[in-house]
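Enquirer: This is the structure I want to talk about, given as structure tokens.
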Amino acid sequence: MADPSSYRPKPGQIPDSPGVYKFRDEHRRVIYVGKAKSLRQRLASYFQDLSGLHPRTRTMVTTAASVEWTVVSTEVEALQLEYSWIKEFDPRFNVKYRDDKSYPYLAVTMNEQFPRVQVMRGQKKKGVRYFGPYGHAWAIRDTVDLLLRVFPVRTCSAGVFKNAARTGRPCLLGYIGKCSAPCVERVSPEEHRELAEEFCDFMAGRTGTYIRRLESRMTDAAEEMEYERAARLRDDIEALKKAMEKSAVVLADATDADLIALAEDELEAAVQIFHVRGGRVRGQRGWVTDKVEAVTTGDLVEHALQQLYGEETGDSVPKEVLVPALPELVEPVQEWLAERRGSNVSLRIPQRGDKKALMETVQRNALQALGLHKTKRASDLTTRSRALEEIAEALELDSAPLRIECYDISHLQGDDVVASMVVFEDGLARKSEYRRFQIKGFEGQDDVRSMHEVITRRFRRYIAEKEKTGEWADGETGLTEEDGRPKRFAYPPQLVVVDGGQPQVAAAKRALDELGIDDIAVCGLAKRLEEVWVPGEDDPVVLPRTSEGLYLLQRVRDEAHRFAITYQRAKRARRFRASPLDDVPGLGETRKQALIKHFGSVKKLRSATIDQICEVPGIGRKTAEAITVALAQAAPAAPAVNTATGEIMEDTTDTTDTTDAADTTDAESETTAGSTGEPVSAGSSDERRGQER
């Protein structure tokens, strides 16, 4: 590991101007490329106390052995040079988007004498018009098959074309009217090129002209009683309309735009792009990247724009690019896009209307793509086995932790403090084993104390089950209830993971020590830094960024966070919906609703006499007396006041006080997960709830 001070440039040596810089390792390989508005300020930020750097940045500067830079005149030039160097050197610490597949394009080879329509993948070629990308090659072929009725452009290979020209006989498509057969000179090269240009115009979104032209010719043919020609034109129109229906109108005014959305967690990010041309979605593609450097959403957007348009020119760069977040320096990026296009390009975040709604759709696609990527990665048995082995090796365990339990604390500014326990067996979530806890030992916010309480309660139950069944010397018969279901806390984990750093890990270890348990390993995974903490160590265990073990620990931690915050929100919602009628013993949901329906609100019920309450079907005198006592003891809510007039308003909010009253009682302190829903990725709205955790 290199010391950054050993290759730090001397003071005043770095120019205070725009430029691009490269970090190289001891073998002179470029490991990172970056750009800066001021090279002096940017490079100085790397040579500071290592403890103040982001972990990924710290790894980069300690891997590097030298730094060099190139001065440019403008920030746009810096952007262009950065893109070129990333392409050339492929630095290991730069964000690199990778396609999850090689997307097919519909291509028209306008650089040939007789342009050809075909499916193309890979690097784009000069002089070829591209449309797409498409999700599947068959989607292109279906569209082309419909359009060849109207635009009979050549689709055959060079060998077939030459053979037809040599024999004087066209291929089958020439006989059935889906090729104009330039190979046998049925049309001239100029006429065939005009057909190809019309085909490109139609695919580019200029559809109305051709539809109207064919409709006019069909009408003329019908008036001249040429019904067969009119029928063929009618079929051509239907073919064009059917091809248009394959991409519905999503934006009005024939908008040309690309919409870019991102879904990300601590280690990876997925990007999805919708290509809209003429108001219709003409193509879609997506990438996934490892977040090997400390980047913001704006940085990811900038990298995506470089990847998308670095090799594009002209109309391939749309007039409008819609993004979820703007790069730090918007103007240079816009200028760079404008240079690629040859005219102004608008780069902005959609705020309202159809574009914002479509951006939400693209965002859902990005979330789904990231979830699918993670699911594929987690479902592979070999990958899971490798992850468990890496965890065992990093934590110096005797064997792979086949059962992992993870704990997380959640609260809202110290209120409704709850905890979650999630279980992963053989690298997969076992939701039937999930548990949740209410913190009972104290009031207020103390994550460390809460963690100690939860671990103590969970393993005290484990010890109790163990004492009932002995040491299980005769097998696992004592692990199940009489009906065959597993007991709640009978199974011990090989590894306990807590969401947090040194304090939480120390609290969990102390709880196990107090109970006399010494055969269960403990570690913690700190948010953001993704460092693994073990008891009694001053420094964390840093797993490699590409480690499957780190990925599994992160997924376990995120699932515990999701389960905890879901329970905390549900508990808080039940508290807000609490009703004085909840304290009446024996009063169920049906009779609560009957009371509210009869009186109209809790306020009117509070003012009713016992005899009036007894008039409600199913309410006896003893229950009516209990209701009266409960309502008298409960303090009524403060009346609503019209802030404009000062007038006290009639209370109408009590009409729904008992809605979902059956859910208002606190759940037992340890309960099964029930219906837990699907996990969400890190970086979701749960993480952005201010003080909520």
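Enquirer: Quick one: would you say S450 is open to solvent by 50 Å² or more (accessible area, probe 1.4 Å), at pLDDT 75 or above, of a type in the set (S, T, Y) and part of a helix (DSSP H, G or I)? Working first, answer last.
Expert: Values: open to solvent by 50 Å² or more (accessible area, probe 1.4 Å): no; at pLDDT 75 or above: yes; of a type in the set (S, T, Y): yes; part of a helix (DSSP H, G or I): yes.
No, not satisfied.
Enquirer: Okay, moving on. Looking at segment 296-310, can you tell me whether even one residue there is modelled with pLDDT under 80 and out of contact with any strand residue (DSSP E or B) (no Cβ under 8 Å at 6 or more places or on another chain)? Outline the logic, then answer.
Expert: At the first step, the residues of segment 296-310 found to be modelled with pLDDT under 80 are none.
The answer is no; no qualifying residue exists.
Enquirer: Looking at segment 430-447, which of the residues that are open to solvent by 30 Å² or more (accessible area, probe 1.4 Å) and polar (S, T, N, Q) is modelled with the highest pLDDT?
Expert: It comes out as S432.
Enquirer: Here's a follow-up. What number of residues within segment 147-177 satisfy the criterion of being touching a Ser or Thr at 6+ places or on another chain (Cβ under 8 Å) and polar (S, T, N, Q)?
Expert: 0
Enquirer: What tally of residues in segment 453-489 results from selecting those that are surrounded by 16 or more Cβ atoms within 10 Å (Cβ to Cβ) and modelled with pLDDT under 50?
Expert: The qualifying residues number 1.
Enquirer: So, one more: Checking the conditions here, which among P152, P133 is at pLDDT 75 or above, assigned to a loop (DSSP other than H, G, I, E, B) and surrounded by 13 or more Cβ atoms within 10 Å (Cβ to Cβ)? Write out each step before concluding.
Expert: Numbers: P133 fails: at pLDDT 75 or above.
After ruling out the rest, the residue left standing is P152.
Enquirer: Of all residues in segment 1-10, count the ones that are open to solvent by 50 Å² or more (accessible area, probe 1.4 Å) and either among the hydroxyl-bearing types (S, T, Y) or outside any loop (DSSP other than H, G, I, E, B) (or both). Quick ask: steps written out before the conclusion?
Expert: Keep residues of segment 1-10 that are open to solvent by 50 Å² or more (accessible area, probe 1.4 Å), which gives 1, 3, 5-6, 8, 10.
With either among the hydroxyl-bearing types (S, T, Y) or outside any loop (DSSP other than H, G, I, E, B) (or both) added as a condition, the list becomes 5-6.
So the count comes out to 2.
Enquirer: If you don't mind, another one. Kindly indicate the residue of segment 19-40 that is hydroxyl-bearing (S, T, Y) and open to solvent by 10 Å² or more (accessible area, probe 1.4 Å) and also farthest from the chain's Cα centre (by Cα) among those meeting that condition.
Expert: Taking segment 19-40 first, the residues hydroxyl-bearing (S, T, Y) are 21, 32, 38.
Adding the requirement that they be open to solvent by 10 Å² or more (accessible area, probe 1.4 Å) leaves 32, 38.
Values: Y32: 26, S38: 33 Å.
Only one residue fits best here, namely S38.
Enquirer: I need a count of the residues in segment 517-534 that are modelled with pLDDT of 90 or more and over 14 Å from P503 (Cα atoms).
Expert: Residues flagged as modelled with pLDDT of 90 or more and over 14 Å from P503 (Cα atoms) within segment 517-534 amount to 2.
Enquirer: Residues of segment 596-612 being closer than 19 Å to Q633 by Cα and either touching a residue at least 60 places away in the same chain (Cβ under 8 Å) or assigned to a loop (DSSP other than H, G, I, E, B) (or both), which ones?
Expert: I596, S601, S607, A608, T609
Enquirer: Identify, please: which residue in segment 41-64 is among the small types (G, A, S) and surrounded by fewer than 18 Cβ atoms within 10 Å (Cβ to Cβ) and is, among those, farthest from K291 (Cα to Cα)?
Expert: First pass over segment 41-64, keeping only residues among the small types (G, A, S): 44-45, 51-52, 64.
Now drop any that are not surrounded by fewer than 18 Cβ atoms within 10 Å (Cβ to Cβ), which leaves 44-45, 51-52.
Values: A44: 23, S45: 20, S51: 20, G52: 19 Å.
Within segment 41-64, the match that is farthest from K291 (Cα to Cα) is A44.
Enquirer: Hey, can you tell me all the residues within segment 501-530 that are farther than 16 Å from E425 by Cα, among the small types (G, A, S) and open to solvent by 10 Å² or more (accessible area, probe 1.4 Å)?
Expert: G501, A506, G516, A526, listed by residue number.
Enquirer: Is one or more of the residues making up segment 363-386 over 26 Å from the mean Cα position of the chain (by Cα) and surrounded by fewer than 21 Cβ atoms within 10 Å (Cβ to Cβ)? First the steps, then the outcome.
Expert: The initial filter retains those residues of segment 363-386 that are over 26 Å from the mean Cα position of the chain (by Cα), namely none.
No - not one qualifying residue is present in segment 363-386.
Enquirer: Looking at segment 331-363 only, could you name the residues that are of a type in the set (D, E, K, R), in contact (Cβ under 8 Å) with a residue 24 or more places away in the chain and part of a helix (DSSP H, G or I)? Outline the logic, then answer.
Expert: Narrowing segment 331-363 to residues of a type in the set (D, E, K, R): 331, 335, 339-341, 348, 352, 354-356, 360.
When the remaining residues are screened for being in contact (Cβ under 8 Å) with a residue 24 or more places away in the chain, the result is 331, 335, 339-341, 348, 354-355.
If the condition is that a residue be of a type in the set (D, E, K, R), in contact (Cβ under 8 Å) with a residue 24 or more places away in the chain and part of a helix (DSSP H, G or I), then E331, E335, E339, R340, R341, D354, K355 are the ones that fit.
Enquirer: Mind checking whether some residue in segment 535-551 is at pLDDT 80 or above, charged (D, E, K, R) and within 21 Å of the chain's Cα centre (by Cα)? Spell out how you get there, then give the answer.
Expert: Going residue by residue through segment 535-551, those that are at pLDDT 80 or above are 535-544, 547-551.
Keeping just the survivors that are charged (D, E, K, R) gives 537-539, 548.
This time we only want the ones that are within 21 Å of the chain's Cα centre (by Cα), so: 548.
Yes, segment 535-551 contains a residue that is at pLDDT 80 or above, charged (D, E, K, R) and within 21 Å of the chain's Cα centre (by Cα).
The values are calculated or read from the model by the stated rules, or taken from the named source; none is laboratory data. Bear in mind the structure is a predicted one, so any value in this text is a computation, not a measurement. Every residue, glycine as well, gets a Cβ built from its backbone with ideal geometry; the counts of neighbours run over all protein chains shown. Remember, those area values only see protein heavy atoms, side chains included, never the ligands or the DNA or RNA. Shrake-Rupley method; radii C 1.70, N 1.55, O 1.52, S 1.80 Å.
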